[in-house]
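First up is the structure itself, then whatever we jot down about it.
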Amino acid sequence: MSKIVSIHSFRGGTGKSNVTANLGVTIARAGYRVGIVDTDIQSPGIHVVFHLNEDRVTRCLNDFLWGDCAIEEAAYDVTDAAIGNVADGDDRPRVFLVPASIKTNEIGRVLKEGYDVGLLNDGFKRLIQKLDLDFLLIDTHPGVNEETLLSIVISDHLLLVLRPDQQDFQGSLVTLELARRLDVNAVSLIVNKIPPGMDRAQLKTKVESIYSTDVLALLPLNFELVRMASNGLFVNRYPEHPFTRELRLVANSLTK
């Protein structure tokens with residue numbers, strides 16, 4: 001049975017999109033068909049991590065939302081960039097990406113006119129069916145808006161990404177309370193950008209106490225990731241890095 005996982009943060013700058021991309025690849029490497037949708041329409045960017053160049057993108061999520069194409073027409077097979085060649089005749093693993101438009105006029109249109117958020121629900125279901133997905137990962141827009149609430153409602157699992165920062169702590173509590181009111185099946189936390197020298201065990205205990213929710217991963221402040229500057233997938237370049245090992249724990253939890 002397919003599983004929808006929303007990856008969300010209350011504030012920008014948490015590293016949510018890099019976590020989403022690298023987590024999706026980690027799940028795919030375990031033998032699954034994974035779809036990733038960039039619903040951060042106002043500030044898209046996850047396509048960069050997969051080296052999906054603008055000249056290759058003829059359709060995107062915006063086109064689906066404005067009725068110009070079926071959502072599967074905006075899905076790009078990025079398996080080669082994500083995990084390399086797959087054996088002939090093997091339909092798993094696979095990674096598909098539905099990018100949002102990075103064209104200024106289309107972003108401006110979203111900001112000015114908005115879109116029918118209700119279409120997303122139908123689109124997600126169709127995408128799972130048409131691409132035979134095991135997992136659909138939704139990279140959300142930070143904060144709380146209509147799109148975020150829809151993603152939370154339809155999710156089988158909500159992953160909240162936050163930094164060890166008081167503003168993040170307070171804002172994430174808002175999202176967590178909303179998720180509980182909306183009866184989300186499962187909510188877990190990923191703490192990212194933990195600085196060197198911080199007591200990880202103590203931090204985990206503190207965060208789980210504040211939220212009464214499991215912390216699935218404690219991701220270190222990652223200078224190698226900063227140097228990569230979103231140029232490729234971190235888990236491929238640094239397979240034994242603590243960041244990668246922690247994401248494997250998340251993947252293992254989601255695929256149980």
What helices (runs of 4 or more DSSP H) lie completely within region 14-94 and have 3 or more residues being aliphatic (A, V, I, L, M) and either at pLDDT 95 or above or more than 24 Å from N236 (Cα to Cα) (or both)? 16-29
Those residues of region 221-230 which are free of Cβ contacts under 8 Å to residues at least 40 places away in the same chain and open to solvent by 30 Å² or more (accessible area, probe 1.4 Å), in sequence order: L221, F223, E224, V226, R227, A229
Conditions (1) open to solvent by 60 Å² or more (accessible area, probe 1.4 Å); (2) touching a strand residue (DSSP E or B) at 6+ places or on another chain (Cβ under 6 Å); (3) not aromatic (F, W, Y); number of the one not met by V161: (1)
Residues that are in contact with an Asp or Glu (Cβ under 6 Å, 6 or more places away or on another chain): find the helices (runs of 4 or more DSSP H) completely inside region 141-256 holding 1 or more of those. none
Residue within region 212-220 that is free of Cβ contacts under 8 Å to residues at least 24 places away in the same chain, open to solvent by 10 Å² or more (accessible area, probe 1.4 Å), closer than 20 Å to G13 by Cα and in contact with a Phe, Trp or Tyr (Cβ under 7 Å, 6 or more places away or on another chain) present: no
Matching residues in region 168-202 - criterion: being over 21 Å from N145 (Cβ atoms) and either over 20 Å from the mean Cα position of the chain (by Cα) or without any contact (Cβ under 8 Å) to a residue 24 or more places away in the chain (or both): P195, P196, G197, M198, D199, R200, A201, Q202
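The values are calculated or read from the model by the stated rules, or taken from the named source; none is laboratory data. Everything numeric here is computed off the predicted structure, so don't read it as measured data. Because the Cβ atoms are built from the backbone with ideal geometry, glycine has one as well, and the counts that use them run over all protein chains shown. Each accessible area value is taken on the protein alone, full model and side chains, heavy atoms only, with ligands, DNA and RNA left out. Shrake-Rupley method; radii C 1.70, N 1.55, O 1.52, S 1.80 Å.
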